[in-house]
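Enquirer: Quick one: structure below, then a few questions.
The values are calculated or read from the model by the stated rules, or taken from the named source; none is laboratory data. Keep in mind that what you see is a predicted model, and the values were worked out from it rather than measured. Please note: Cβ atoms are built from the backbone with ideal geometry, for glycine as well, and neighbour counts cover all protein chains shown.
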Amino acid sequence: MLKTVRHALSIGLLVICAAPLNAQLLLSNGFEDWNNGLPENFVGPHTDMTEDRIQEIIFTPRTGAKALGLELGTHPETRITTLALPVEAGELYDFRFWVRGTGRIRVTVYDGRPENDGYAPFSEVVEINSPNAYQSFLKRVLAMNTTAQAEFVIAVEGTMSEDLLMIDDLHVTGSSLNTPLAATIADIQETGGLLGYSPLEFTFVRTQGIVTGLGEFSYFIQDAPGAWNGIQVRAAPPENLAVGDSITVLATVSEAGGIDEFWDRTMTQLIGVELLQIHATGRPLPEAIGITATEARREEWEGVRVDIADLECMNIPEPLVGEWTAANWLGTIVVDDLLYATWPTVGDFYSITGIIQYAGEPQLLPTGPADLGAGVGMAENVANRLSAYPIPAQDLVTIELPRTSGNITYTLVDATGRTVLQGRWSGVRYALDVSAVPDGAYLFTCHSGGQQWNVRVVVAH
(Lines give C-alpha, C1' and ligand atoms only; values in the text may rest on other atoms or scores of the structure.)
Protein backbone atom coordinates (compact mmCIF):
# COMPACT_ATOMS: atom_id res chain seq x y z
CA MET A 1 0.00 0.00 0.00
CA LEU A 2 1.29 3.48 -0.88
CA LYS A 3 1.37 5.81 2.11
CA THR A 4 2.41 9.45 2.29
CA VAL A 5 5.44 9.89 4.52
CA ARG A 6 7.94 12.55 5.38
CA HIS A 7 11.60 12.04 6.13
CA ALA A 8 12.82 13.61 9.36
CA LEU A 9 15.98 14.60 7.53
CA SER A 10 16.65 18.19 6.55
CA ILE A 11 18.40 19.14 3.34
CA GLY A 12 21.07 20.88 5.36
CA LEU A 13 21.90 17.74 7.28
CA LEU A 14 22.10 15.74 4.08
CA VAL A 15 24.57 18.25 2.73
CA ILE A 16 26.67 17.91 5.88
CA CYS A 17 26.60 14.10 5.65
CA ALA A 18 27.76 14.15 2.04
CA ALA A 19 30.27 17.00 2.34
CA PRO A 20 33.28 16.31 0.11
CA LEU A 21 36.58 15.52 1.72
CA ASN A 22 39.98 16.32 0.31
CA ALA A 23 40.05 13.32 -1.99
CA GLN A 24 43.38 11.50 -1.94
CA LEU A 25 44.78 10.95 -5.44
CA LEU A 26 46.05 7.39 -5.88
CA LEU A 27 46.53 7.34 -9.65
CA SER A 28 46.15 9.72 -12.59
CA ASN A 29 46.91 8.28 -16.00
CA GLY A 30 46.39 9.88 -19.40
CA PHE A 31 48.16 6.90 -21.07
CA GLU A 32 50.80 9.16 -22.57
CA ASP A 33 53.72 7.02 -21.33
CA TRP A 34 54.33 3.45 -22.53
CA ASN A 35 57.14 0.98 -21.87
CA ASN A 36 57.74 -2.03 -24.11
CA GLY A 37 54.25 -1.75 -25.57
CA LEU A 38 52.47 -1.52 -22.19
CA PRO A 39 50.95 1.56 -20.48
CA GLU A 40 52.76 3.00 -17.47
CA ASN A 41 51.21 2.12 -14.08
CA PHE A 42 49.19 -0.74 -15.61
CA VAL A 43 49.30 -4.51 -16.19
CA GLY A 44 49.51 -5.59 -12.56
CA PRO A 45 49.93 -9.22 -11.40
CA HIS A 46 46.18 -9.96 -11.61
CA THR A 47 45.95 -8.98 -15.27
CA ASP A 48 44.88 -11.97 -17.40
CA MET A 49 44.54 -10.16 -20.74
CA THR A 50 47.29 -11.13 -23.16
CA GLU A 51 49.68 -8.32 -24.06
CA ASP A 52 48.91 -8.56 -27.78
CA ARG A 53 45.38 -7.28 -27.10
CA ILE A 54 46.64 -4.14 -25.30
CA GLN A 55 47.05 -1.36 -27.87
CA GLU A 56 48.63 2.10 -27.89
CA ILE A 57 45.98 4.33 -29.48
CA ILE A 58 47.43 7.40 -31.24
CA PHE A 59 44.65 8.38 -33.66
CA THR A 60 41.63 8.94 -31.40
CA PRO A 61 42.67 9.88 -27.83
CA ARG A 62 40.27 11.97 -25.78
CA THR A 63 43.05 14.34 -24.67
CA GLY A 64 46.78 14.41 -25.25
CA ALA A 65 48.43 12.20 -27.84
CA LYS A 66 47.54 8.67 -26.73
CA ALA A 67 44.89 6.43 -25.17
CA LEU A 68 44.64 2.81 -24.04
CA GLY A 69 43.03 0.36 -26.46
CA LEU A 70 41.67 -3.03 -25.41
CA GLU A 71 40.96 -5.43 -28.26
CA LEU A 72 37.94 -7.52 -27.28
CA GLY A 73 36.79 -9.54 -30.27
CA THR A 74 34.73 -12.49 -29.06
CA HIS A 75 37.05 -13.38 -26.19
CA PRO A 76 35.48 -14.22 -22.81
CA GLU A 77 35.79 -11.61 -20.06
CA THR A 78 39.38 -10.70 -19.26
CA ARG A 79 41.00 -8.23 -16.88
CA ILE A 80 43.60 -5.52 -16.95
CA THR A 81 44.71 -4.10 -13.61
CA THR A 82 46.75 -1.23 -12.23
CA LEU A 83 50.08 -1.76 -10.57
CA ALA A 84 50.07 -1.88 -6.75
CA LEU A 85 48.28 0.98 -4.96
CA PRO A 86 47.62 1.55 -1.22
CA VAL A 87 44.07 1.22 0.15
CA GLU A 88 42.56 1.15 3.64
CA ALA A 89 39.87 -1.17 4.95
CA GLY A 90 36.41 0.43 5.05
CA GLU A 91 37.32 3.26 2.68
CA LEU A 92 35.53 4.14 -0.55
CA TYR A 93 37.43 4.93 -3.73
CA ASP A 94 36.24 6.63 -6.91
CA PHE A 95 37.39 4.85 -10.08
CA ARG A 96 36.72 7.09 -13.08
CA PHE A 97 37.79 7.25 -16.70
CA TRP A 98 36.51 7.97 -20.19
CA VAL A 99 35.65 5.14 -22.55
CA ARG A 100 34.85 4.87 -26.25
CA GLY A 101 33.98 1.97 -28.54
CA THR A 102 31.81 -1.12 -28.24
CA GLY A 103 31.80 -3.90 -25.65
CA ARG A 104 30.97 -4.68 -22.04
CA ILE A 105 32.83 -3.33 -19.05
CA ARG A 106 32.76 -3.54 -15.25
CA VAL A 107 35.23 -2.69 -12.50
CA THR A 108 36.33 -3.73 -9.01
CA VAL A 109 39.36 -3.71 -6.73
CA TYR A 110 41.64 -6.55 -5.68
CA ASP A 111 42.73 -5.96 -2.08
CA GLY A 112 43.55 -9.49 -0.89
CA ARG A 113 40.43 -9.87 1.29
CA PRO A 114 39.87 -13.41 2.56
CA GLU A 115 36.67 -14.05 0.54
CA ASN A 116 35.99 -14.03 -3.21
CA ASP A 117 39.64 -14.78 -4.08
CA GLY A 118 40.63 -11.37 -2.75
CA TYR A 119 38.33 -9.30 -4.99
CA ALA A 120 35.54 -6.89 -4.06
CA PRO A 121 32.22 -7.65 -5.78
CA PHE A 122 32.21 -6.30 -9.32
CA SER A 123 30.09 -3.34 -10.34
CA GLU A 124 27.20 -4.10 -12.66
CA VAL A 125 28.06 -4.76 -16.30
CA VAL A 126 27.75 -1.67 -18.53
CA GLU A 127 27.14 -2.01 -22.26
CA ILE A 128 29.27 0.50 -24.16
CA ASN A 129 28.05 1.42 -27.65
CA SER A 130 29.78 4.69 -28.37
CA PRO A 131 32.12 4.18 -31.36
CA ASN A 132 32.40 7.88 -32.20
CA ALA A 133 32.69 9.66 -28.84
CA TYR A 134 34.10 9.16 -25.35
CA GLN A 135 31.70 8.89 -22.43
CA SER A 136 32.43 9.30 -18.73
CA PHE A 137 32.54 6.20 -16.51
CA LEU A 138 32.51 6.46 -12.68
CA LYS A 139 32.14 3.67 -10.15
CA ARG A 140 32.77 3.57 -6.42
CA VAL A 141 34.56 0.59 -4.94
CA LEU A 142 34.88 -0.39 -1.28
CA ALA A 143 38.13 -1.69 0.14
CA MET A 144 37.84 -4.22 2.97
CA ASN A 145 41.52 -4.95 3.57
CA THR A 146 44.33 -2.52 4.29
CA THR A 147 47.18 -3.20 1.88
CA ALA A 148 49.81 -1.47 -0.25
CA GLN A 149 49.31 -4.10 -2.96
CA ALA A 150 45.79 -3.31 -4.16
CA GLU A 151 45.02 -3.38 -7.87
CA PHE A 152 42.09 -1.59 -9.47
CA VAL A 153 40.54 -3.86 -12.07
CA ILE A 154 38.90 -3.22 -15.45
CA ALA A 155 37.12 -6.31 -16.81
CA VAL A 156 36.01 -6.28 -20.44
CA GLU A 157 34.19 -8.58 -22.84
CA GLY A 158 33.25 -8.36 -26.51
CA THR A 159 30.44 -9.89 -28.50
CA MET A 160 31.63 -9.26 -32.07
CA SER A 161 34.99 -9.68 -33.76
CA GLU A 162 35.45 -5.94 -34.23
CA ASP A 163 34.70 -4.93 -30.63
CA LEU A 164 37.30 -2.54 -29.20
CA LEU A 165 37.26 -0.26 -26.17
CA MET A 166 39.45 2.82 -25.80
CA ILE A 167 40.13 4.28 -22.35
CA ASP A 168 41.62 7.67 -21.50
CA ASP A 169 42.05 10.09 -18.61
CA LEU A 170 41.81 7.54 -15.79
CA HIS A 171 41.82 8.65 -12.15
CA VAL A 172 41.65 6.71 -8.87
CA THR A 173 40.95 8.85 -5.81
CA GLY A 174 39.64 8.57 -2.31
CA SER A 175 35.89 9.08 -2.59
CA SER A 176 34.28 12.47 -2.11
CA LEU A 177 31.87 10.73 0.26
CA ASN A 178 32.59 10.49 3.96
CA THR A 179 33.83 7.15 5.26
CA PRO A 180 30.75 5.10 6.19
CA LEU A 181 30.34 3.87 9.75
CA ALA A 182 30.36 0.07 9.93
CA ALA A 183 27.17 -0.95 11.76
CA THR A 184 24.99 -4.00 12.23
CA ILE A 185 21.27 -3.59 11.57
CA ALA A 186 20.69 -3.86 15.33
CA ASP A 187 23.14 -0.96 15.84
CA ILE A 188 20.88 1.08 13.56
CA GLN A 189 17.50 -0.11 14.82
CA GLU A 190 17.78 -0.72 18.57
CA THR A 191 16.49 2.19 20.60
CA GLY A 192 14.77 2.95 23.87
CA GLY A 193 13.25 6.21 22.62
CA LEU A 194 9.47 6.55 22.65
CA LEU A 195 9.37 7.77 19.04
CA GLY A 196 11.63 4.99 17.79
CA TYR A 197 14.42 7.24 16.52
CA SER A 198 17.58 5.38 15.57
CA PRO A 199 20.70 6.27 17.60
CA LEU A 200 22.41 6.57 14.20
CA GLU A 201 19.87 8.89 12.57
CA PHE A 202 21.51 11.04 9.83
CA THR A 203 24.61 8.78 9.86
CA PHE A 204 26.16 7.42 6.66
CA VAL A 205 26.58 3.71 7.41
CA ARG A 206 27.84 0.46 5.93
CA THR A 207 25.75 -2.56 6.83
CA GLN A 208 25.19 -6.10 5.57
CA GLY A 209 22.25 -8.47 5.38
CA ILE A 210 20.21 -10.98 3.40
CA VAL A 211 17.53 -9.57 1.12
CA THR A 212 14.21 -10.75 2.59
CA GLY A 213 11.69 -8.87 0.46
CA LEU A 214 11.57 -6.86 -2.78
CA GLY A 215 9.11 -4.11 -3.66
CA GLU A 216 8.91 -1.71 -6.54
CA PHE A 217 10.48 1.18 -4.67
CA SER A 218 12.14 -0.46 -1.67
CA TYR A 219 13.54 -3.70 -0.28
CA PHE A 220 14.23 -5.24 3.13
CA ILE A 221 17.40 -6.79 4.55
CA GLN A 222 18.03 -8.77 7.73
CA ASP A 223 21.31 -10.00 9.21
CA ALA A 224 20.11 -12.45 11.91
CA PRO A 225 16.86 -13.95 13.22
CA GLY A 226 14.93 -12.03 15.84
CA ALA A 227 14.19 -8.56 17.14
CA TRP A 228 15.99 -5.42 15.89
CA ASN A 229 17.72 -7.27 13.04
CA GLY A 230 15.77 -6.10 9.96
CA ILE A 231 15.39 -2.80 8.10
CA GLN A 232 13.83 -1.30 4.98
CA VAL A 233 16.05 0.21 2.27
CA ARG A 234 14.09 3.03 0.65
CA ALA A 235 15.38 2.73 -2.90
CA ALA A 236 14.26 0.95 -6.05
CA PRO A 237 16.11 -2.39 -6.11
CA PRO A 238 18.41 -3.00 -9.09
CA GLU A 239 17.16 -5.51 -11.65
CA ASN A 240 19.69 -8.16 -10.63
CA LEU A 241 18.79 -8.08 -6.92
CA ALA A 242 16.88 -11.11 -5.61
CA VAL A 243 15.51 -12.42 -2.33
CA GLY A 244 18.27 -14.49 -0.70
CA ASP A 245 21.12 -12.26 -1.94
CA SER A 246 23.77 -11.43 0.65
CA ILE A 247 24.60 -7.75 0.21
CA THR A 248 26.46 -4.77 1.62
CA VAL A 249 24.68 -1.41 1.51
CA LEU A 250 26.15 2.06 2.02
CA ALA A 251 23.36 4.50 2.81
CA THR A 252 22.12 7.14 5.27
CA VAL A 253 19.90 6.32 8.25
CA SER A 254 16.63 8.24 8.15
CA GLU A 255 13.34 8.38 10.05
CA ALA A 256 10.00 8.72 8.26
CA GLY A 257 6.68 9.84 9.73
CA GLY A 258 3.20 10.74 8.61
CA ILE A 259 2.23 13.91 6.77
CA ASP A 260 -1.55 13.53 6.63
CA GLU A 261 -1.89 12.08 10.12
CA PHE A 262 0.22 11.85 13.25
CA TRP A 263 2.17 8.62 13.78
CA ASP A 264 2.95 7.25 17.23
CA ARG A 265 6.53 6.75 16.18
CA THR A 266 8.74 7.01 13.12
CA MET A 267 9.81 4.35 10.62
CA THR A 268 13.56 3.73 10.45
CA GLN A 269 14.93 3.37 6.92
CA LEU A 270 18.11 3.49 4.87
CA ILE A 271 17.95 6.14 2.15
CA GLY A 272 20.37 7.65 -0.38
CA VAL A 273 22.08 4.38 -1.29
CA GLU A 274 25.60 5.16 -2.52
CA LEU A 275 26.80 1.59 -3.04
CA LEU A 276 25.22 -1.86 -3.14
CA GLN A 277 27.42 -4.94 -3.41
CA ILE A 278 26.09 -8.46 -3.93
CA HIS A 279 28.37 -11.00 -2.25
CA ALA A 280 26.40 -14.22 -2.74
CA THR A 281 23.02 -15.43 -4.01
CA GLY A 282 20.56 -18.08 -2.86
CA ARG A 283 21.30 -17.70 0.85
CA PRO A 284 18.70 -19.05 3.33
CA LEU A 285 16.56 -16.35 4.86
CA PRO A 286 16.77 -15.63 8.60
CA GLU A 287 14.24 -17.74 10.47
CA ALA A 288 10.83 -16.11 10.92
CA ILE A 289 10.10 -15.70 14.64
CA GLY A 290 6.65 -16.59 15.93
CA ILE A 291 4.93 -13.61 17.56
CA THR A 292 1.36 -12.40 18.12
CA ALA A 293 -0.37 -9.54 16.34
CA THR A 294 -0.20 -7.52 19.55
CA GLU A 295 3.56 -8.08 19.88
CA ALA A 296 3.96 -6.88 16.28
CA ARG A 297 3.19 -3.38 17.53
CA ARG A 298 6.51 -3.24 19.36
CA GLU A 299 9.37 -1.27 17.84
CA GLU A 300 11.87 -4.16 17.84
CA TRP A 301 9.97 -6.12 15.16
CA GLU A 302 10.14 -3.36 12.55
CA GLY A 303 11.70 -4.77 9.37
CA VAL A 304 11.97 -8.31 10.81
CA ARG A 305 10.64 -11.61 9.40
CA VAL A 306 7.95 -13.01 11.70
CA ASP A 307 5.24 -15.65 11.68
CA ILE A 308 1.78 -14.95 13.12
CA ALA A 309 -0.44 -18.02 13.43
CA ASP A 310 -4.18 -18.58 13.15
CA LEU A 311 -5.34 -15.18 11.92
CA GLU A 312 -8.87 -14.86 10.60
CA CYS A 313 -9.49 -12.81 7.46
CA MET A 314 -11.92 -10.09 8.51
CA ASN A 315 -12.50 -8.43 5.12
CA ILE A 316 -11.58 -8.78 1.47
CA PRO A 317 -8.57 -6.69 0.37
CA GLU A 318 -9.46 -3.08 -0.35
CA PRO A 319 -9.26 -2.61 -4.15
CA LEU A 320 -7.14 0.56 -4.21
CA VAL A 321 -4.74 -0.10 -1.34
CA GLY A 322 -4.59 -3.92 -1.33
CA GLU A 323 -4.75 -4.37 2.43
CA TRP A 324 -6.97 -6.46 4.70
CA THR A 325 -7.42 -7.01 8.42
CA ALA A 326 -6.37 -10.25 10.11
CA ALA A 327 -7.32 -10.94 13.71
CA ASN A 328 -7.59 -13.50 16.48
CA TRP A 329 -7.94 -13.41 20.26
CA LEU A 330 -4.29 -12.32 20.51
CA GLY A 331 -4.61 -9.16 18.44
CA THR A 332 -5.31 -7.54 15.09
CA ILE A 333 -2.96 -6.57 12.28
CA VAL A 334 -3.22 -5.18 8.75
CA VAL A 335 -1.86 -7.41 5.96
CA ASP A 336 -0.48 -5.22 3.15
CA ASP A 337 0.49 -5.83 -0.49
CA LEU A 338 3.70 -3.76 -0.57
CA LEU A 339 5.76 -6.87 -1.44
CA TYR A 340 3.10 -9.38 -2.54
CA ALA A 341 -0.67 -9.19 -3.01
CA THR A 342 -2.76 -11.85 -1.23
CA TRP A 343 -6.41 -12.72 -1.80
CA PRO A 344 -7.76 -14.49 1.29
CA THR A 345 -11.27 -15.75 1.94
CA VAL A 346 -13.27 -13.86 4.55
CA GLY A 347 -13.75 -16.02 7.62
CA ASP A 348 -10.91 -18.42 6.87
CA PHE A 349 -7.89 -18.73 9.16
CA TYR A 350 -4.29 -18.30 7.99
CA SER A 351 -0.81 -18.54 9.43
CA ILE A 352 1.12 -15.74 7.78
CA THR A 353 4.87 -15.29 7.41
CA GLY A 354 6.04 -11.82 6.47
CA ILE A 355 7.98 -8.69 7.35
CA ILE A 356 6.69 -6.20 9.90
CA GLN A 357 6.52 -2.61 8.68
CA TYR A 358 5.39 0.35 10.74
CA ALA A 359 3.58 2.99 8.68
CA GLY A 360 1.40 4.69 11.26
CA GLU A 361 0.19 1.21 12.23
CA PRO A 362 1.93 -2.17 12.21
CA GLN A 363 1.56 -4.00 8.91
CA LEU A 364 2.45 -7.56 7.98
CA LEU A 365 4.04 -7.90 4.54
CA PRO A 366 3.96 -11.36 2.94
CA THR A 367 6.65 -11.78 0.28
CA GLY A 368 5.26 -14.64 -1.83
CA PRO A 369 2.60 -17.33 -2.14
CA ALA A 370 4.32 -19.64 0.36
CA ASP A 371 3.87 -17.02 3.10
CA LEU A 372 0.12 -17.55 3.41
CA GLY A 373 -0.65 -20.98 4.88
CA ALA A 374 -3.70 -22.58 6.41
CA GLY A 375 -4.13 -21.67 10.04
CA VAL A 376 -4.25 -24.34 12.70
CA GLY A 377 -7.95 -24.89 13.20
CA MET A 378 -9.01 -23.73 9.77
CA ALA A 379 -10.45 -27.21 9.30
CA GLU A 380 -10.72 -28.16 12.96
CA ASN A 381 -12.68 -25.06 13.87
CA VAL A 382 -15.49 -25.90 11.46
CA ALA A 383 -16.82 -28.27 14.11
CA ASN A 384 -15.30 -26.56 17.12
CA ARG A 385 -15.80 -22.87 16.58
CA LEU A 386 -18.42 -20.45 17.73
CA SER A 387 -21.35 -19.72 15.49
CA ALA A 388 -22.93 -16.29 15.22
CA TYR A 389 -26.14 -15.33 13.47
CA PRO A 390 -27.64 -13.50 11.78
CA ILE A 391 -24.90 -12.06 9.58
CA PRO A 392 -25.17 -9.17 9.19
CA ALA A 393 -26.92 -8.32 12.44
CA GLN A 394 -28.87 -5.19 13.27
CA ASP A 395 -29.61 -5.29 17.02
CA LEU A 396 -28.90 -8.76 18.43
CA VAL A 397 -26.34 -11.43 17.52
CA THR A 398 -26.91 -14.95 18.79
CA ILE A 399 -23.62 -16.53 19.86
CA GLU A 400 -23.63 -20.32 20.15
CA LEU A 401 -20.85 -22.47 21.60
CA PRO A 402 -20.12 -25.99 20.30
CA ARG A 403 -20.66 -27.35 23.83
CA THR A 404 -21.84 -26.25 27.26
CA SER A 405 -19.43 -24.12 29.27
CA GLY A 406 -19.66 -21.99 32.39
CA ASN A 407 -18.13 -18.69 33.46
CA ILE A 408 -17.44 -17.45 29.94
CA THR A 409 -15.74 -14.09 29.36
CA TYR A 410 -16.03 -12.39 25.99
CA THR A 411 -14.77 -9.40 24.01
CA LEU A 412 -15.87 -7.80 20.75
CA VAL A 413 -12.93 -6.16 18.94
CA ASP A 414 -13.07 -3.87 15.90
CA ALA A 415 -10.68 -3.90 12.92
CA THR A 416 -8.26 -1.54 14.66
CA GLY A 417 -7.91 -3.82 17.69
CA ARG A 418 -10.11 -1.65 19.94
CA THR A 419 -12.44 -3.49 22.34
CA VAL A 420 -15.98 -2.20 21.87
CA LEU A 421 -17.86 -4.69 24.09
CA GLN A 422 -16.89 -7.10 26.85
CA GLY A 423 -18.67 -9.12 29.46
CA ARG A 424 -19.55 -12.56 30.88
CA TRP A 425 -22.19 -15.27 30.45
CA SER A 426 -22.70 -18.99 31.09
CA GLY A 427 -24.35 -21.72 29.04
CA VAL A 428 -24.33 -22.60 25.35
CA ARG A 429 -26.13 -19.63 23.81
CA TYR A 430 -25.93 -15.87 24.34
CA ALA A 431 -27.75 -12.90 22.80
CA LEU A 432 -25.23 -10.11 22.25
CA ASP A 433 -26.70 -6.60 22.01
CA VAL A 434 -25.00 -4.72 19.14
CA SER A 435 -27.61 -2.00 18.75
CA ALA A 436 -25.11 0.68 19.80
CA VAL A 437 -22.17 -0.79 17.86
CA PRO A 438 -21.20 1.03 14.63
CA ASP A 439 -21.54 -0.79 11.32
CA GLY A 440 -18.55 -2.96 10.42
CA ALA A 441 -16.79 -6.30 10.88
CA TYR A 442 -15.71 -7.42 14.34
CA LEU A 443 -13.93 -10.30 16.03
CA PHE A 444 -15.90 -11.91 18.89
CA THR A 445 -13.69 -13.91 21.27
CA CYS A 446 -14.61 -15.85 24.37
CA HIS A 447 -12.63 -17.80 26.98
CA SER A 448 -13.66 -20.54 29.40
CA GLY A 449 -11.59 -23.08 31.34
CA GLY A 450 -8.49 -22.57 29.20
CA GLN A 451 -10.48 -22.88 25.96
CA GLN A 452 -10.65 -20.07 23.41
CA TRP A 453 -13.16 -19.56 20.62
CA ASN A 454 -13.64 -16.75 18.12
CA VAL A 455 -16.04 -15.87 15.37
CA ARG A 456 -16.57 -13.05 12.92
CA VAL A 457 -19.48 -10.71 13.58
CA VAL A 458 -20.84 -8.21 11.06
CA VAL A 459 -23.07 -5.32 12.10
CA ALA A 460 -25.21 -3.41 9.59
CA HIS A 461 -28.05 -1.28 10.96
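Enquirer: Can you pull out the residues in region 201-238 that are within 9 Å of the chain's Cα centre (by Cα) and either of a type in the set (K, R) or not assigned by TED's automatic domain parsing to the domain that holds L250 (or both)?
Expert: R234
Enquirer: Please work out which residue is surrounded by the fewest Cβ atoms within 10 Å (Cβ to Cβ), limiting yourself to region 315-332 and to residues that are within 21 Å of T419 (Cβ to Cβ) and touching a residue at least 60 places away in the same chain (Cβ under 8 Å).
Expert: N315
Enquirer: Where residues in region 270-294 are buried (at least 19 other Cβ atoms within 10 Å of the Cβ) and free of Cβ contacts under 8 Å to residues at least 40 places away in the same chain, which of them is nearest to the chain's Cα centre (by Cα)?
Expert: Among those that are buried (at least 19 other Cβ atoms within 10 Å of the Cβ) and free of Cβ contacts under 8 Å to residues at least 40 places away in the same chain, it is L276.
Residue-by-condition table, conditions (1) more than 25 Å from T419 (Cβ to Cβ); (2) of a type in the set (D, E, K, R); (3) touching a strand residue (DSSP E or B) at 6+ places or on another chain (Cβ under 9 Å):
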| position | (1), (2), (3) |
| --- | --- |
| F262 | no, no, no |
| L270 | yes, no, yes |
| L285 | yes, no, yes |
| I291 | no, no, yes |
| E295 | no, yes, yes |
| A309 | no, no, yes |
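Enquirer: Taking T266 as the residue in question, decide whether it is of a type in the set (S, T, N, Q) and buried (at least 21 other Cβ atoms within 10 Å of the Cβ).
Expert: Numbers: of a type in the set (S, T, N, Q): yes; buried (at least 21 other Cβ atoms within 10 Å of the Cβ): yes.
The answer is yes for T266.
Enquirer: Looking at P76, P114, P86 in this structure, which one is in the same structural domain as G30 (by TED's automatic domain parsing), surrounded by fewer than 20 Cβ atoms within 10 Å (Cβ to Cβ) and assigned to a strand (DSSP E or B)?
Expert: After applying the criteria, what remains is P86.
Enquirer: Checking T416 against (1) in contact with a strand residue (DSSP E or B) (Cβ under 8 Å, 6 or more places away or on another chain); (2) modelled with pLDDT of 85 or more; (3) part of a loop (DSSP other than H, G, I, E, B): exactly one of these is not met. Which one?
Expert: (2) is the only condition that T416 fails.
Enquirer: G64: under 21 Å from S175 (Cα atoms), surrounded by fewer than 17 Cβ atoms within 10 Å (Cβ to Cβ) and either in the same structural domain as Q135 (by TED's automatic domain parsing) or touching a Cys at 6+ places or on another chain (Cβ under 6 Å) (or both), yes or no?
Expert: Judged against the criteria, G64 is not a match.
Enquirer: Next question. Among the residues of region 435-443, are any buried (at least 17 other Cβ atoms within 10 Å of the Cβ), outside the structural domain of F349 (by TED's automatic domain parsing), of a type outside the set (G, A, S) and within 22 Å of E323 (Cβ to Cβ)?
Expert: Yes, the conditions are met somewhere in region 435-443.
Enquirer: State whether one or more residues within region 186-200 are part of a loop (DSSP other than H, G, I, E, B), surrounded by 14 or more Cβ atoms within 10 Å (Cβ to Cβ), outside the structural domain of R79 (by TED's automatic domain parsing) and on the phi > 0 side of the Ramachandran plot.
Expert: yes
Enquirer: Now a separate question. Identify, please: which residue in region 222-236 is without any contact (Cβ under 8 Å) to a residue 60 or more places away in the chain and buried (at least 17 other Cβ atoms within 10 Å of the Cβ) and is, among those, nearest to E287 (Cα to Cα)?
Expert: V233
Enquirer: If I filter region 240-251 for residues that are closer than 24 Å to R298 by Cβ and not assigned by TED's automatic domain parsing to the domain that holds V306, do I get at least one hit?
Expert: Within region 240-251, not a single residue is closer than 24 Å to R298 by Cβ and not assigned by TED's automatic domain parsing to the domain that holds V306.
Enquirer: Do we find a residue being at pLDDT below 95, in contact with a Lys or Arg (Cβ under 9 Å, 6 or more places away or on another chain) and of a type in the set (V, I, T) anywhere in region 184-198?
Expert: Taking every residue of region 184-198 in turn, none turns out to be at pLDDT below 95, in contact with a Lys or Arg (Cβ under 9 Å, 6 or more places away or on another chain) and of a type in the set (V, I, T).
Enquirer: For region 297-323, how many residues meet the condition of being more than 16 Å from the chain's Cα centre (by Cα) and either within 16 Å of L372 (Cβ to Cβ) or part of a loop (DSSP other than H, G, I, E, B) (or both)?
Expert: 18
Enquirer: Another question, if that's okay. Would you check if V153 is more than 30 Å from D337 (Cβ to Cβ), in contact with a His (Cβ under 9 Å, 6 or more places away or on another chain) and among the hydrophobic types (A, V, I, L, M, F, W, C)?
Expert: So V153 passes the test.
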